[in-house]
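Below is one structure, written out as structure tokens; the observations come after it.
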Amino acid sequence: MPEAKERPAWAVAIKRRREQLGFTQWSVVEHAGDLFGQTTVSGIERGDIHPLSLGAEKFFGLLRALRWSLAEFSQATGIHIDYIRETLASEAIERAGPDGDVYVLPVIDAGAGPPWSNDGADTVEIFMPELRGYDRSRLFVVRVHGDSMQGYADDGTLVICYRDGLPERGKVVAVWLAGDGVVIKRYLGVENGLLLLGNDNRAYRAAFEAPEGSTVIGVAIGRFLRG
């Protein structure tokens with residue numbers, strides 16, 4: 001009798017998620033909007049069909065059906081989030097219209113001024129379905145330099161920020177730091193009329209008061225690593 005094929009970890013994770021939700025395979029099909037059939041779900045759970053081979057539309061239909069964000073799917077299955085984006089980006093770029101999932105956003109290097117205040121600011125093209133629902137004109141990107149926020153953002157990480165986001169204690173924010181340009185820090189509140197900010201890297205000060213005139217210009221809503 002032939003040995004049973006060992007299923008890949010992502011297949012096990014997807015089946016476990018479906019069962020946690022109390023769904024049948026047919027329920028997944030229904031919640032995905034009938035973008036694929038029950039045999040596809042079965043094939044995915046056996047490890048015979050890789051979820052990324054479905055294409056962008058069906059893949060995100062699967063995520064909606066399983067009530068997973070892209071980050072949650074990546075964490076549960078072990079499929080790296082950047083690999084997912086790179087695999088699906090080409091198709092998405094070809095199909096994306098003005099309301100698609102490819103975002104061309106102004107980007108500024110940490111330490112410089114806000115991107116909207118710089119003529120000819122650099123831009124970056126990012127495939128991030130998670131940004132649906134945000135006003136594109138209020139999004140910008142900060143390219144991190146250094147390691148003060150290591151753990152959340154390493155050197156070279158692109159941090160996507162929303163200008164209309166509400167800073168709350170513990171959130172990561174983009175700050176116009178008087179005398180030092182735009183930086184990515186953790187928001188800890190206001191003390192004596194000054195912003196109180198934090199670094200994630202324990203090699204730096206855990207908390208410090210920002211210079212007078214500093215202001216939060218956006219709240220971080222995502223990260224993207226570019227090779």
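The values are calculated or read from the model by the stated rules, or taken from the named source; none is laboratory data. Fair warning: this is a prediction, and the values are worked out from it, not measured in the lab. Here the Cβ positions follow ideal geometry from the backbone for every residue, glycine too, while neighbour counts run over all protein chains shown. Only protein heavy atoms, including side chains, enter the accessible area calculation; ligands, DNA and RNA are left aside. Shrake-Rupley method; radii C 1.70, N 1.55, O 1.52, S 1.80 Å.
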**Prompt:** What FRET efficiency, computed as 1/(1 + (r/R0)^6) with R0 = 30 Å and r the Cβ-Cβ distance, is obtained for Asp154 and Val12, rounded to the nearest 0.05?
**Reply:** 0.50
**Complete:** Here the FRET efficiency for Val104 versus Val190, based on Cβ atoms and R0 = 45 Å and rounded to 0.05, is 0.85
**Request:** Consider just the alpha-carbon atoms of segment 1-51 and return their Rg together with their Dmax, both in angstrom.
**Result:** 11.5, 39
**Message:** Given a 1.4 angstrom probe, what's the average accessible area per residue across the chain, in square angstrom?
**Reply:** 53
**Complete:** Diffing segment 9-22: the Karplus 3J(HN,Hα) column from phi (6.51, -1.76, 1.60, θ = phi - 60°), in whole Hz with x for Gly and Pro, holds 4, 5, 5, 4, 5, 5, 5, 4, 5, 4, 5, 4, 7, x
**Request:** Enumerate the amide H contacts of Val124 below 5 Å, restricted to partners 5 or more residues apart or on another chain; note that Pro and chain-start residues carry no placed amide H.
**Result:** Leu105, Val107
**Fill in**
For Lys58, counting only lysines whose alpha-carbon sits under 27 Å away and dropping same-chain residues fewer than eight positions off, the answer is Lys5, Lys15
**Message:** What are the ³J(HN,Hα) couplings of segment 179-194, residue after residue, when phi is run through the Karplus curve with 6.51, -1.76, 1.60 and θ = phi - 60°? Round to Hz, x for glycine and proline.
**Reply:** x, 9, x, 7, 9, 9, 9, 9, 7, 10, x, 10, 9, 6, x, 10
**Request:** Would you mind classifying segment 147-224 by shape? Square roots of the alpha carbon gyration tensor eigenvalues, ordered a ≥ b ≥ c; an a/c under 1.5 is rounded, otherwise it is prolate if a/b is larger than b/c and oblate if not.
**Result:** oblate
**Prompt:** What is the chain's relative contact order, in percent, from Cα pairs under 8 angstrom and six or more apart in sequence?
**Reply:** 14
**Asked** Amide H neighbours of Val190 under 5 Å, counting only residues 5+ apart in sequence or on other chains, H built in-plane at 1.01 Å?
**Response** Leu196
**Asked** For Ser137 and Phe224 in one chain, what is 0.36 nm times their gap in residues minus the Cα-Cα distance, to one decimal in nm?
**Response** 29.4 nm
**Asked** Counting only protein heavy atoms, what percent of the accessible surface of the chain is carbon or sulfur at a 1.4 Å probe?
**Response** 47
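P(r) tail for the chain, what percent of Cα pairs lie past 31 Å?
Here the tail beyond 31 Å accounts for 35 percent of pairs.
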**Message:** Give me the extension gain from Asp122 to Ser42: residue separation times 0.36 nm, minus the current Cα-Cα distance, reported in nm with one decimal.
**Reply:** 24.3 nm
**Prompt:** What distance in nm separates the simple spin-label points at Leu166 and Gln20, each placed 7 Å from Cα in the Cβ direction?
**Reply:** 2.8
**Item:** Eligible lysines near Lys171 by straight Cα distance, threshold 22 Å, same-chain separation 8 or greater
**Value:** Lys185
**Fill in**
With Cα springs under 10 Å, the Gaussian network model of the chain assigns the largest mean-square fluctuation among Gly47, Gly22, Gly179 to Gly22
**Asked** Picking from Glu45, Glu130, Glu19, which is most flexible by a Gaussian network model of the chain using Cα springs under 10 Å?
**Response** Glu19
**Prompt:** Which trypsin sites (Lys or Arg not before Pro) does segment 132-180 hold that lie in a coil by DSSP with at most 14 other beta carbons within 10 Å?
**Reply:** Arg132, Arg169
**Asked** Highest mean first, what order results for 209-219, 52-62 on Cβ atoms within 10 Å?
**Response** 52-62, 209-219
**Message:** Over the Cα atoms of segment 138-183, what radius of gyration and what Dmax do you get, in Å?
**Reply:** 10.7, 26
**Item:** Karplus (6.51, -1.76, 1.60) ³J(HN,Hα), θ = phi - 60°, over segment 125-131, in Hz, Gly and Pro reported as x
**Value:** 9, 10, 9, 8, x, 5, 7
**Asked** Add -39500 (n - 2.57) for each DSSP H run of 4 or more in the chain, then divide by its residues: what number comes out at 222 nm, to the nearest 500 deg cm²/dmol?
**Response** -8000 deg cm²/dmol
